[in-house]
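To start, the structure under review is shown below, and the notes come after it.
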Amino acid sequence: MARVASSPAAAVSRRATALTSVFSFAVLLGFLAIPAPVAAQLKFVGLGNWGYGTSGQQTVAETLKKVAAAEHISFITSPGSNFVGGISGANDTKWQTLYEDVYSDASGALKMPFFTVLGVEDWSGNYTAEALRTQLTYEVTSDQLKDGQLMPADAQEAATAVKTGYPKWTLPNWWYHTLMHFQASTGSAFINSGHKDMSVGMIFIDTWVLSSSFPFSNVTARAWADLEKTLEIAPKILDYIIVVADRPVYSSGASKGDSMLQYYLQPLLKKANVDAYISGYDYSLEVISDENISHVSCGAGAAAAGASIVKHSNSLFYAGEPGFCLFELTAEGLVTRIVSGTSGETLFSHTQKLKTRPERKSIDAFNLVSQLPEVRYWPIPEMGKMPGRDVFVRIVGTIGLCIATFFLSLTLASAVSRYTK
């Protein structure tokens, strides 16, 4: 019988499935038997729109390294976009110049998982190469491989091709989820251990794939189905539910939010009692509280758009300067901090109390986790260049100009009418 060679896409699918099984099994062990190492809280960073090759990116990166070391963060989330203009392929120099070189550190301050989703800039390039990059995440790094080589030739090569110091790229699919378990301090340990077992689900979605404009409707349908199933199960097994995506639902930035997400996604977030929705896209740092959900924009990883002319009615804080978001999960609630990318100072802090979840069914955790959608890689064929930000701005600006012209015409007509009477 002829042996069929395994494709890179199939390898990604197998690895994603294996990773999901490991994550899920670890969570179940934490729920049912084995306590996790004691940690007073879980901290992670939100960093979007970072791969621009500017002095601003380097400045924010150096600040991030210092904050990461001081705060002991566990991982980084990138809500998009990752690389301006996207990348050309697996061996694009941007991997080294905009990612590895910028976020590497001799002390390993950022040696941690780097969970990401694709943004509008990423989709304008070779999006498949960004997904296939995950094959290198837990095995080897690009600088140790020959040109055009995606995987190590043998175990010896894999063992020697280890480079430390920078975050480990993680994108098993366009949408996926990761479950984590930690122990949070509850104060006095006179009666009990003084710690509480806590769980968090990080749900990563792709707002372009979810859009009705996405050219492959079968992929869009599957993405929505997986998201709905995940959000249905999450409140029954998790203390915290956090969703990460590119486009914001609400924003005071240039996009002013997304009406499609407001109509279709926000009701799902509300029903699942999601704690936070983290977005990139807009070049700003913002916290909006809507229906007891923290909508946090973390899109100023390299540059910022400046002040907002019109702020959202539920905006608690907005900053048009480079920086990132620091999230802290405790036994009491979710703390969101907006951090300056230049000074490392906290510009704003918001605390949202831990939500009660009466639907929690710890005794059924094993069965429920096993019902979560499988994380597998869905290959997407090559498609035409998607509209960029500039096109969107021109369209919206043209519509706005037409509306303004219409009302101005009505005003002038009314004035002329009154004058001629």
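Once R0 is set to 25 Å, what does the formula 1/(1 + (r/R0)^6) return for the Cβ-Cβ distance between Arg360 and Glu291, expressed as a FRET efficiency to the nearest 0.05?
Computed FRET efficiency for Arg360 and Glu291 comes out at 0.75.
Test of understanding: express the Cα radius of gyration of region 60-121 as a ratio to 2.2 N^0.38 Å, with N the residue count.
1.17
Alpha carbons only, please: Rg and Dmax for region 203-347, in angstrom.
When restricted to Cα atoms, region 203-347 yields Rg and Dmax of 15.3, 46 Å.
Region 198-224 to region 318-345: how many Å between their Cα centroids?
26 Å
Treat the count of other C-beta atoms within 10 Å as a stand-in for reagent exposure and order Tyr277, Tyr264, Tyr127 from fewest to most.
Fewest-to-most ranking of Tyr277, Tyr264, Tyr127: Tyr264, Tyr127, Tyr277.
In nm, to one decimal, how far is the modelled label at Ala70 from the one at Gln96, with both set 7 Å along Cα→Cβ?
Distance between label points: 3.3 nm.
Which stretch or stretches of region 337-351 have amide N atoms under 17 Å from the point lying 7 Å from Ser55's Cα along the Cα→Cβ direction?
341-343
Would you mind ranking Trp50, Trp175 by Cβ crowding within 10 Å, fewest neighbours first?
Trp175, Trp50
No lab work stands behind these numbers, since they all come straight from the coordinates. A quick note: this is a predicted structure, and the numbers were derived from the prediction, not measured. Methodologically, a virtual Cβ is constructed for each residue, glycine included, from the backbone with ideal geometry; neighbour enumeration extends over all protein chains shown.
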